[in-house]
Amino acid sequence: MAQIIDGKKIAQEIRNEVRGETTLLKEMSGITPGLAFILVGENPASQVYVNMKGKACEEMGFYSITERMPENTPEQALLNKIQEFNAASNIHGILVQLPLPKHINEAKVLELIRPSKDVDGFHPYNVGKLVVGEDTLKPCTPAGIQELLIRSGNDPKGKHVVVVGRSNIVGKPVANILLQKQAGANAVVTVAHTGAADLTRYTKTADVLIAAMGKAEVITGDMLKESVVVIDVGVNRVDDPSAKNGYKLVGDVHFESASKVAKAITPVPGGVGPMTIAMLMKNTLKAAKSSFR
Ligand code: NAP
């Protein structure tokens with residue numbers, strides 16, 4: 001049976017480290033890491049995410065502030081708010097919760113965030129630094145995947161990593177992180193997507209398979225090589241009449257069949273999911289430390 005990579009446990013380890021380092025930073029420099037959330041509109045999922053992130057800030061000993069703006073907020077008002085947080089010395093990270101209402105240009109908003117406060121790692125300047133292998137604020141979910149691999153004893157060094165999915169928030173950045181000639185990376189990386197006529201041709205060759213497609217249980221055990229390490233990023237709702245709320249969450253990988261061939265595998269939920277907030281906390285601490293230097 002495959003090793004289950006426990007994302008909750010690893011995320012808590014990271015949160016404990018961040019909390020400890022935050023205490024030290026406060027003692028040494030008097031700086032309290034500060035994170036500003038901007039939430040535009042009433043999207044229920046976004047509200048839940050921002051609340052969870054706010055609670056994590058409390059646990060870390062961070063200062064946090066949530067700016068809630070109505071759905072019909074003019075784009076310029078949002079840009080002004082970002083400028084305000086860009087200039088605020090007690091704010092080290094700015095997170096604009098996505099998605100934004102349709103009338104707001106997302107790229108324009110994200111590009112206005114000062115790169116040194118871009119704790120989501122989505123600013124093109126930080127993306128560029130990531131690609132050329134410079135130290136930067138890495139996007140949280142991809143950075144969390146790298147931590148999961150390292151901390152579960154599955155260093156990607158020299159392995160063939162196959163990433164399925166090429167989004168700007170998961171697929172492309174995780175591929176770029178893992179191919180760097182750096183500790184905890186140095187993998188040979190292939191990125192597959194819907195342009196691949198035969199997905200199995202690629203998945204079968206993976207020593208490490210990272211599934212980030214958003215398609216329920218598409219990757220099955222027979223598409224994988226014996227002893228593969230599987231990181232399942234997908235979160236998909238499927239009907240489940242036996243569940244109280246009528247649905248359950250599954251990944252992009254068919255867990256039951258994949259876990260029979262895999263050496264190690266992340267569950268959904270409880271795998272990649274908890275890592276994202278942990279890495280956001282880590283990025284905010286990093287941004288606060290950089291402001292001190
Ligand atoms: P996305 O923007 O929809 O991108 C999906 C990618 O998968 C695309 O590149 C698409 O290819 C590719 N793809 C889709 N179906 C495919 C198939 N049958 N064969 C091969 N490639 C296929 O999704 P995302 O934002 O990256 O998110 C992916 C999943 O991860 C979602 O379930 C999301 O909820 C989850 N997620 C979880 C976390 C977390 O746990 N913290 C964070 C972020 C995302 P094309 O480019 O060719 O269309």
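The values are calculated or read from the model by the stated rules, or taken from the named source; none is laboratory data. This is a predicted model, so every value here is computed, not measured. Cβ placement follows ideal geometry from the backbone for every residue including glycine, while neighbour counts extend to all protein chains displayed. These area figures cover heavy atoms from the full protein model, side chains too; ligands, DNA and RNA do not enter into them. Shrake-Rupley method; radii C 1.70, N 1.55, O 1.52, S 1.80 Å.
Send over the per residue convex hull volume for the stretch 1-145, Cα only, as a whole number of Å³. All intermediate terms of the calculation are to be shown ahead of the outcome.
Values: hull volume 20.4 nm³, N = 145.
Dividing the Cα hull volume of the stretch 1-145 by its residue count gives 141 Å³.
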14 Å Cα-Cα reach of Lys286 towards aspartates and glutamates, excluding residues that sit fewer than 8 places from it in its own chain: Glu17, Glu21, Asp118, Asp120, Asp135
Neighbourhood net charge (11 Å Cβ-Cβ; Lys/Arg +1, Asp/Glu -1) for Asn86: +1
Residue (of Gly271, Pro173, Leu209) at the positive-pole extreme of the stretch 140-273, dipole from beta-carbon charges: Pro173
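What do you get when you divide the Cα radius of gyration of the stretch 30-115 by 2.2 N^0.38 Å, with N the number of residues? Walk me through the intermediate numbers first.
Numbers: Rg = 12.7 Å, N = 86, 2.2 N^0.38 = 12.0 Å.
Relative to the 2.2 N^0.38 Å estimate, the stretch 30-115 comes out at 1.06.
Please work out the average accessible area per residue across the stretch 144-231, using the 1.4 Å probe convention, and give it in Å². Don't skip to the end; give the middle numbers.
Numbers: 3860 Å² over 88 residues.
Accessible surface, normalised per residue, equals 44 Å².
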Solvent-accessible area of Leu35 with every protein chain in place, 1.4 Å probe, in Å² to the nearest 10: 0 Å²
Largest-first ordering by accessible area, 1.4 Å probe, given options Ser46, Ser167: Ser167, Ser46
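Placing unit charges on C-beta atoms (Lys and Arg positive, Asp and Glu negative, everything else neutral), compute the dipole magnitude of the chain about its Cα centre in debye, rounded to 20.
In debye, rounded to 20, the chain gives about 420.
Over all pairs of distinct alpha carbons, what does the Kirkwood formula give as the hydrodynamic radius of the stretch 201-293, in Å?
Numbers: mean 1/r = 0.0681 Å⁻¹.
When all Cα pairs of the stretch 201-293 are included, the Kirkwood radius is 14.7 Å.
Given the chain, report the % of alpha carbon pairs whose separation exceeds 25 Å. Don't skip to the answer; put the middle values down first.
Numbers: 21152 of 42778 pairs.
Every Cα pair in the chain considered, those over 25 Å come to 49 percent.
Exceeding 31 Å between C-alpha atoms, which entries from my cross-link table qualify? They are Lys159/Lys282; Lys159/Lys248; Lys26/Lys138; Lys138/Lys263. Present the calculation step by step, with values, prior to reporting the outcome.
Numbers: Lys159/Lys282 26 Å; Lys159/Lys248 33 Å; Lys26/Lys138 24 Å; Lys138/Lys263 27 Å.
Distance filter (> 31 Å) returns Lys159/Lys248.
Which whole DSSP H helices in the chain pass both tests: a Cα extent of 27 Å or more along the axis and a mean Kyte-Doolittle value no lower than 0.0?
Answer set is 273-292.
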Test item: Cα-centred dipole of the stretch 232-281, Lys/Arg +1 and Asp/Glu -1 on Cβ, debye: 100 debye
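What is the local net charge at Asn176, summed over the other residues whose Cβ is closer than 15 Å to its Cβ (Lys, Arg +1; Asp, Glu -1)? Working shown, then result.
Details: positive: Lys129, Lys138, Arg166, Lys172, Lys181; negative: Glu134, Asp135.
With Lys, Arg at +1 and Asp, Glu at -1, the neighbours total +3.
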Sequence of Thr23, Thr266 from largest to smallest accessible area, 1.4 Å probe: Thr23, Thr266
Rounded to the nearest 10 Å², the accessible area of Met213 at probe 1.4 Å: 50 Å²
Fraction of antiparallel bridges per DSSP, the chain only, in percent to nearest 5: 10 percent
Accessible area per residue in Å² at 1.4 Å probe, computed on the stretch 21-110: 50 Å²
Segments 139-147, 184-192 sorted - mean Cβ within 10 Å per residue, highest first: 139-147, 184-192
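Give me the Kirkwood hydrodynamic radius of the stretch 140-273 in Å, from all C-alpha pairs, to one decimal place?
On the way: mean 1/r = 0.0682 Å⁻¹.
That comes to 14.7 Å for the stretch 140-273.
Can you give me the % of accessible surface on the chain that is carbon or sulfur? Probe 1.4 Å, all protein chains present, nothing else counted.
On the way: 7410 of 13910 Å².
For the chain, the apolar C and S fraction of the accessible surface comes to 53 percent.
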